[in-house]
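First comes the structure, then the notes that go with it.
The values are calculated or read from the model by the stated rules, or taken from the named source; none is laboratory data. Here the structure is a predicted model, which means the values were calculated and not measured. FYI the Cβ positions are ideal-geometry reconstructions off the backbone, even for glycines, and counts take in every protein chain you see. Side chains are part of the model used for accessible areas, which takes the heavy atoms of the whole protein and leaves out ligands, DNA and RNA. Shrake-Rupley method; radii C 1.70, N 1.55, O 1.52, S 1.80 Å.
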Amino acid sequence: MRIGFVGTGTMGRPMAANLLKKGHTVVGFDVVPAALEAAAKLGVERAGSAAEAAKGADLVVTMLPSSPHVEAAYLGARGVLEGVGQGRLCVDMSTIDPSVSRRVAEAARARGARFVDAPVSGGVPRAEEATLAIMVGGEARDVEEARPVLACMGANVIHVGPVGSGEVAKICNNLIAGVAAVAISEAFRIAEGFGVDPGTLTEVIAKSSGATFIMEHMHPVPGQVAKAPASRDYAPGFMTDLMAKDLGLAVSAARDLRVPVFVAPAAQQVLRLASSHGLGRKDFSVVYQFLKPSGKDAPV
Ligand code: NAD
């Protein structure tokens, strides 16, 4: 297939690379020339706009930071909806507000195109291995059309429900992941204060009720997991700013639904504060560095 790919950043680049490996032609666009250049080195053909990437494509994939970027890339001047062919399918894999997915789907329909939301989980290693978990919202027929393309990038493709519900599943997952990173960081800081070896604590927790995917794959303490961002100076990975955004999406959904939430807003504010102290573009597990103890002479 000829696939238009908009957003060749941290995740988009390895995902586009996997489409190329499976024999698809990928025509890419990114507003940051260096991001597009890096994808072009892998074999992605360069387009001059999102509309140009979408023009003549059998299917369009977008992988953008957040809701305003998705709105701009689809609805803005020289956006996807200006170029996409009649009846073609657009697959947005960004993590955004479910109501924005619905709005963009509506605009796509008005232009004779179709739209599904298909956010991902697993981070860069799984994007590279093509083993992402992909949660999809859309009409069954559209999801089935997208499935073979999604299978080039992920190992588990799950149809959650109508448009927007892939995003709902994703923000629920990231609520748990974001809170876990803060909780693990707090726990390891306490253990260190007592002089307990972090390697030994990791071994204990891995076999106990506190075991999580986050500790196993994205351990916040440097040197505990070789492939974790913490072991390479917190290079993302998944940026603190993006996790703060996802927790914010969960918090605002909870507000609209009148669901009481306590832990997610606390975790979001810790990440926001880490960002305001210059850590926003580091992997979110950097929250461990931010949660340093104060000096021993501070009153308790
Ligand atoms: P990123 O910022 O590295 O990449 C996004 C790319 O989109 C950038 O290169 C940016 O220049 C480009 N972009 C922004 N606006 C654009 C526009 N209008 N047109 C074309 N390109 C545009 O972010 P990422 O880490 O690749 O994340 C992308 C999405 O995937 C986010 O929604 C994020 O929450 C989600 N996600 C990321 C990870 C991860 O580990 N990084 C994991 C799961 C989900």
Qualifying residues in the range 1-36 (those that are in contact with a Ser or Thr (Cβ under 9 Å, 6 or more places away or on another chain) and among the charged types (D, E, K, R)) - the one least open to solvent (accessible area, probe 1.4 Å)
ASP30
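Taking the range 207-230 as the search range and keeping residues that are charged (D, E, K, R) and free of Cβ contacts under 8 Å to residues at least 24 places away in the same chain, which one is most open to solvent (accessible area, probe 1.4 Å)?
Here is the first cut: in the range 207-230, the ones charged (D, E, K, R) are 207, 216, 227.
Going one step further and asking which of them are free of Cβ contacts under 8 Å to residues at least 24 places away in the same chain, we end up with 207, 216.
Values: LYS207: 175, GLU216: 117 Å².
The selected residue is LYS207.
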Search the range 1-24 for residues that are at positive phi and pair each with any residue that is assigned to a strand (DSSP E or B) and within 15 Å of the ligand (Cβ to nearest atom) when their beta-carbon atoms are under 7 Å apart and the residues are at least 6 apart or on different chains.
GLY7/THR62
Here is a check on your reading of the model: is LEU81 more than 22 Å from the chain's Cα centre (by Cα), within 13 Å of the ligand (Cβ to nearest atom), of a type in the set (A, V, I, L, M) and more than 24 Å from GLY122 (Cβ to Cβ)?
yes
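For the range 91-107, give me each residue that is of a type in the set (S, T, N, Q), part of a helix (DSSP H, G or I) and crowded, with 24+ Cβ neighbours inside 10 Å.
So the first thing to find is which residues in the range 91-107 are of a type in the set (S, T, N, Q), and the list is 94-95, 99, 101.
With the extra rule that they be part of a helix (DSSP H, G or I), the set shrinks to 99, 101.
Listed by number, the list holds a single entry, SER101.
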Taking GLY87 and the conditions (1) within 15 Å of the ligand (Cβ to nearest atom); (2) over 18 Å from the mean Cα position of the chain (by Cα); (3) assigned to a loop (DSSP other than H, G, I, E, B), which numbered condition does it fall short on, given that it satisfies the others?
(1)
